[in-house]
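Reading through the structure tokens given below for one structure.
The values are calculated or read from the model by the stated rules, or taken from the named source; none is laboratory data. Just so it is clear, the structure is predicted and the values come from calculations on it, not from any experiment. Cβ coordinates were reconstructed from backbone atoms using ideal geometry, including for glycine residues, and neighbour counts include every protein chain displayed.
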Amino acid sequence: MRSLSLRFPDAGREARSAGYVLLAAGIAALLGVLHQYQEAMEEVAYWDTRIASMDRQVQRKTAPFAAPAKGGREARQEIRRANMVLNEIALPWGALFDSVERATGQDVALLAFQPNAAGRTMRMSGEAKGMPALLGFIGALEREPVLEDVYLLKYEIKQDDPQQPIVFSVMASWIEAS
């Protein structure tokens, strides 16, 4: 087999300087990429700390409230008030309003509606055009399936008014839905 002989011509100074220019451009590009990589890593670290901070805040907000031992009385009062609010929210508002609305006729106007969640009672105040209208309203309340123990607390005939309406106050209990 014959031996192969390769000869590389010496390109001279121009070829060497072009090589050095390409080497310098490659190094500059590498430095630019490393700088961008460092900035990206700093941004990732920043967002990691932000996420960790937000996680801690969420855990603080969702952590159960532990009443301090010394403030036990104040905590009990706060819990009692919160339970009262929850009981009022849990009232069967729809059924109560529907029952009262069905029982109220054209001759009766309700002026106040005061529920008592603890006693499952409500007090209603209003005006009726006459005694038959008032007694009809009380009878209609008694016939409502949601209400029981309806009774007239007080009434007064307005003598100074020419139509002589009756101002009244009625108490009723509601039945707990099972």
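Screening E127 on (1) under 19 Å from V167 (Cβ atoms); (2) loosely packed, with under 13 Cβ neighbours inside 10 Å; (3) charged (D, E, K, R) shows it passes everything except condition (2). Being touching a residue at least 24 places away in the same chain (Cβ under 8 Å), touching a helix residue (DSSP H, G or I) at 6+ places or on another chain (Cβ under 9 Å), part of a strand (DSSP E or B) and more than 27 Å from L91 (Cα to Cα) is a condition met by at least one residue of the range 162-171.
May I ask you to verify whether A172 is touching a Ser or Thr at 6+ places or on another chain (Cβ under 8 Å) and surrounded by fewer than 16 Cβ atoms within 10 Å (Cβ to Cβ)? First the steps, then the outcome.
On the way: touching a Ser or Thr at 6+ places or on another chain (Cβ under 8 Å): yes; surrounded by fewer than 16 Cβ atoms within 10 Å (Cβ to Cβ): no.
So A172 fails the test.
In the condition set (1) at pLDDT below 85; (2) within 27 Å of the chain's Cα centre (by Cα); (3) part of a helix (DSSP H, G or I), R73 is compliant with all but (2).
Sort through M41, M84, M54 and tell me the only one that's surrounded by 10 or more Cβ atoms within 10 Å (Cβ to Cβ), at pLDDT below 80 and not assigned by TED's automatic domain parsing to the domain that holds S125. Give the derivation first.
Details: M41 fails: at pLDDT below 80; M54 fails: at pLDDT below 80.
One residue alone meets the criteria, M84.
Listed conditions (1) over 23 Å from V85 (Cα atoms); (2) at pLDDT below 90; (3) outside any strand (DSSP E or B) are all met by I138, apart from (2). In the condition set (1) buried (at least 16 other Cβ atoms within 10 Å of the Cβ); (2) touching an Asp or Glu at 6+ places or on another chain (Cβ under 8 Å), L111 is compliant with all but (1).
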